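The values are calculated or read from the model by the stated rules, or taken from the named source; none is laboratory data. All figures in this text were calculated on a predicted structure; none of them were measured in a lab. Positions of Cβ are generated from backbone atoms using ideal geometry, with glycine treated the same way; all protein chains shown enter the neighbour counts. We work out accessible area using only protein heavy atoms, side chains counted, and drop any ligands, DNA or RNA first. Shrake-Rupley method; radii C 1.70, N 1.55, O 1.52, S 1.80 Å.
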Amino acid sequence: MKPAVFNYSAPESIPEALDLLAEYGSDAKVLAGGQSLVPMLNFRLARPGNLIDINGVDSLSYISTNGSLRIGALTRLTEVGESDDVATAHPVIPEAVSHIGHRAIRNRGTIGGSLVHNDPAAELPAVLMALGAEVTAQSVDGERVLGVADLIEDRLFDTTLGDHELLTEIRIPAATASSSFGFQEFARRHGDFALAGVAAVISTDGSTITGAALGAFGGTHATRLPTAEAALVGAEASEAAFAAAGAGAAVDFPTTSDVHGTAEYRSHLINVLTVRALTEAAGNAGGGNG
């Protein structure tokens with residue numbers, strides 16, 4: 001199929017893009033990598049009257065490690081996944097990126113597009129939630145900063161961005177020396193959408209867990225796992241603690257049955273994957289998250 005008719009604009013600066021969003025509002029879609037939007041246009045699942053192609057806005061593509069890790073929203077997933085700066089700051093990010101589709105998808109897909117599309121099976125929204133990341137959203141009225149959890153909430157293929165706002169930057173706080181990570185997902189084949197997945201970030205003092213953040217995906221929406229996190233803080237890093245966290249994750253994980261698996265199956269997966277991610281994180285402890 002072919003997309004419905006739309007007006008096409010190709011701004012070359014952030015102010016120009018914001019002016020177009022202010023003019024067209026809810027009747028516009030922003031085109032970045034297009035790996036999700038273009039199929040939706042072709043199947044006419046999306047029928048915007050105006051398409052704003054931001055690929056010419058070069059100022060939206062960058063990686064900076066001045067204090068926190070800052071990544072421009074238009075930065076390609078391949079660049080994110082292969083960046084030494086990203087791997088040093090937060091190795092869980094390139095680990096997660098390696099599971100996103102195939103290289104051809106990552107060559108065009110963008111980190112900002114992954115967040116804004118907010119597919120419940122997408123790796124990066126959950127990973128960035130676990131890392132405490134924030135995003136910057138700009139409009140002609142100014143800019144605001146909000147946490148990734150506040151950006152995606154419990155939405156499906158949608159975010160809390162206003163019709164006139166453009167996501168411009170992702171900012172991830174620096175990891176502490178005591179933090180370590182684990183990442184696990186299950187898909188039927190490499191490159192397929194995940195049925196379930198977990199990103200684990202823990203901090204330890206000796207063998208005691210002093211902080212835990214778990215981001216899960218593959219359910220009805222990306223989410224933190226507060227019951228599992230609470231079971232970990234103050235506990236010894238042990239099989240028993242990880243098993244308790246896995247059971248808590250199964251309780252927290254928002255999912256439902258579909259053609260790919262039952263809700264019970266996905267809950268079982270998140271239990272197992274949480275234990276594996278925490279075991280991996282414990283094995284990485286001592287060298288920090290970087």
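Computed quantities for the displayed model
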{"quantity": "Segment residue 240-residue 150, extension gain: residue separation times 0.36 nm, minus the distance between their alpha carbons", "calculated": "29.2 nm"}
{"quantity": "The range 125-277: relative contact order as a whole-number percent, Cα under 8 Å and 6+ apart", "calculated": "21"}
{"quantity": "Overall form of the range 69-143 per C-alpha gyration tensor (a/c, 1.5; a/b vs b/c)", "calculated": "prolate"}
{"quantity": "Whole-Hz ³J(HN,Hα) from phi, Karplus 6.51 cos²θ - 1.76 cosθ + 1.60, for the range 147-154, glycine and proline x", "calculated": "x, 4, 4, 6, 5, 9, 6, 10"}
{"quantity": "The range 234-257 and the range 65-86: distance between their alpha carbon centers, rounded to Å", "calculated": "31"}
{"quantity": "Accessible surface of the chain [probe 1.4 Å, protein heavy atoms]: carbon and sulfur percent", "calculated": "51"}
{"quantity": "Three-way shape call for the range 68-222 based on the alpha-carbon gyration tensor, with the a/c threshold at 1.5", "calculated": "rounded"}
{"quantity": "For the chain: rounded, prolate or oblate by the Cα gyration tensor [a/c cutoff 1.5]", "calculated": "prolate"}
{"quantity": "For the range 191-274, Kirkwood radius (reciprocal of mean inverse C-alpha pair distance, Å)", "calculated": "12.8"}
{"quantity": "Average Cα contact separation per residue, the chain, under 8 Å, 6 or more apart, as relative contact order %", "calculated": "16"}
{"quantity": "Charge context of residue 282, other residues only, Cβ under 13 angstrom, K/R +1, D/E -1", "calculated": "-2"}
{"quantity": "Extension gain, residue 64 back to residue 264 (0.36 nm per residue minus Cα-Cα distance, nm)", "calculated": "67.8 nm"}
{"quantity": "Helix-only [θ]222 nm of the chain, DSSP H runs n ≥ 4, -39500 (n - 2.57) each, per residue, nearest 500", "calculated": "-10000 deg cm²/dmol"}
{"quantity": "Total formal charge among the other residues, if their Cβ is under 12 angstrom from that of residue 167, Lys/Arg +1 and Asp/Glu -1", "calculated": "-2"}
{"quantity": "Taking only Cα atoms of the range 136-239, radius of gyration then Dmax in Å", "calculated": "16.7, 52"}
{"quantity": "Highest average packing first - 3-12, 77-86, 18-27, 209-218, Cβ atoms within 10 Å", "calculated": "209-218, 77-86, 18-27, 3-12"}
{"quantity": "Rel. contact order, % - alpha carbon contacts under 8 angstrom, at least six apart, the range 132-208", "calculated": "25"}
{"quantity": "On Cα atoms only, tilt of 263-284 relative to the major axis of the chain in degrees", "calculated": "70"}
